[in-house]
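Inspection log for the structure reproduced underneath, given as structure tokens.
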Amino acid sequence: MVNNTVKILRLGVVPYRAAYKLQEHLVATIKQNISQKDNRLNLLLLLQHPPVYTTGIRSKEYSVYEEERLKKLGADFVRTNRGGLITFHGPGQLVAYPILNLNNFIPQAHRRKAGLGMRWYVKTLEEVVIQTISKYGLEGSRSPHTGVWVGDNKICAMGVHNSQLVTSHGLALNANTDMAWFKNIVPCGILDKGVTSLTQQLGREVSVEETTPHLVDSFATQFGAEMVECESAQAEAFIPPQLQDEICLANETIDR
């Protein structure tokens, strides 16, 4: 039976490696549920990260020397299994990781091949962000490169992964991020393009907390999802014991 309910797991500030392990745990949980004919669990993780540079599956393009150079700047460096090249995550950036059983959401016309379903998924994620920033009067656009742009500047990076149509990783929307961190890399490996944030575009401070409700509303609309807030006890149950010391629920803040 198809289930379009998505539980919102509002985390606080989570080290990237811990969030990565949590995603792997949740993907495994959903896949096990599917094997037992249980399609009910879909999650949307909302969080921020301390400063970190991450690479996608083409991580061989980044040498150990480059990794050490970036670490010396005060950020972590993590190689991942998502799509895309290098990007930065840090405070002031709204990170959303949908952990979805896509069989609950892919329209029938896109079900013939898994690749078609993933293309639909990425375009739908992009539309979530386009509609989110439109609430601020900004016109977002797509390009041949995954993500959402305002003019020639990327405002939201995306990199996704799927295992048997269970998704992980996701999007990072710059709200009031310290954009100086991006100057140390070629973001997403795209030359001659820039990065921007809601704060830069609007000329006023736009926080993650202000942006989040708009993104959740747009996610519900674009995915046809019923969004349900996880209560604290339920949210904690999704976090395995070995990660509970590293992962907090929402309301924790960090300095930029």
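The values are calculated or read from the model by the stated rules, or taken from the named source; none is laboratory data. All values derive from a computational prediction rather than experimental measurement. Backbone-built Cβ (ideal geometry, glycine too); neighbour counts: all protein chains shown. Accessible surface is based on the protein model in full, side chains and every heavy atom, while ligands, DNA and RNA are left aside. Shrake-Rupley method; radii C 1.70, N 1.55, O 1.52, S 1.80 Å.
Structure values in brief
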{"quantity": "Those strands (runs of 3 or more DSSP E) lying entirely in region 148-209 with at least 2 residues farther than 15 Å from PHE88 by Cβ, among the charged types (D, E, K, R) and out of contact with any helix residue (DSSP H, G or I) (no Cβ under 8 Å at 6 or more places or on another chain)", "calculated": "none"}
{"quantity": "Residue in region 107-115 that is touching a residue at least 60 places away in the same chain (Cβ under 8 Å) and of a type outside the set (Ser, Thr, Tyr) present", "calculated": "no"}
{"quantity": "Residue in region 69-79 that is modelled with pLDDT of 90 or more, crowded, with 16+ Cβ neighbours inside 10 Å, more than 15 Å from the chain's Cα centre (by Cα) and among the aromatic types (Phe, Trp, Tyr) present", "calculated": "yes"}
{"quantity": "Any chance LEU41 is open to solvent by less than 10 Å² (accessible area, probe 1.4 Å) and in contact with a helix residue (DSSP H, G or I) (Cβ under 6 Å, 6 or more places away or on another chain)", "calculated": "no"}
{"quantity": "Filter result for the condition that a residue is over 15 Å from the mean Cα position of the chain (by Cα) and open to solvent by 30 Å² or more (accessible area, probe 1.4 Å), over ILE106, ILE30, ILE34", "calculated": "ILE34"}
{"quantity": "Number of positions in region 18-49 that are over 21 Å from GLU236 (Cβ atoms), touching a residue at least 40 places away in the same chain (Cβ under 8 Å) and not basic (Lys, Arg)", "calculated": "2"}
{"quantity": "In region 149-171, the residues that are open to solvent by less than 20 Å² (accessible area, probe 1.4 Å) and among the polar types (S, T, N, Q)", "calculated": "THR167, SER168"}
{"quantity": "Selection count, region 116-148, where residues are touching a strand residue (DSSP E or B) at 6+ places or on another chain (Cβ under 9 Å), open to solvent by 30 Å² or more (accessible area, probe 1.4 Å), among the hydroxyl-bearing types (Ser, Thr, Tyr) and in contact (Cβ under 8 Å) with a residue 12 or more places away in the chain", "calculated": "1"}
{"quantity": "Some residue of region 37-60 being among the polar types (S, T, N, Q) and touching a Pro at 6+ places or on another chain (Cβ under 7 Å)", "calculated": "yes"}
{"quantity": "Residue that is within 27 Å of PHE77 (Cβ to Cβ), touching a Leu at 6+ places or on another chain (Cβ under 7 Å) and open to solvent by less than 30 Å² (accessible area, probe 1.4 Å), where the choices are THR177, THR211", "calculated": "THR211"}
{"quantity": "Meets criteria (modelled with pLDDT of 90 or more and on the phi > 0 side of the Ramachandran plot) for GLY84", "calculated": "no"}
{"quantity": "Number of positions in region 1-27 that are closer than 11 Å to ASN101 by Cα and open to solvent by 40 Å² or more (accessible area, probe 1.4 Å)", "calculated": "2"}
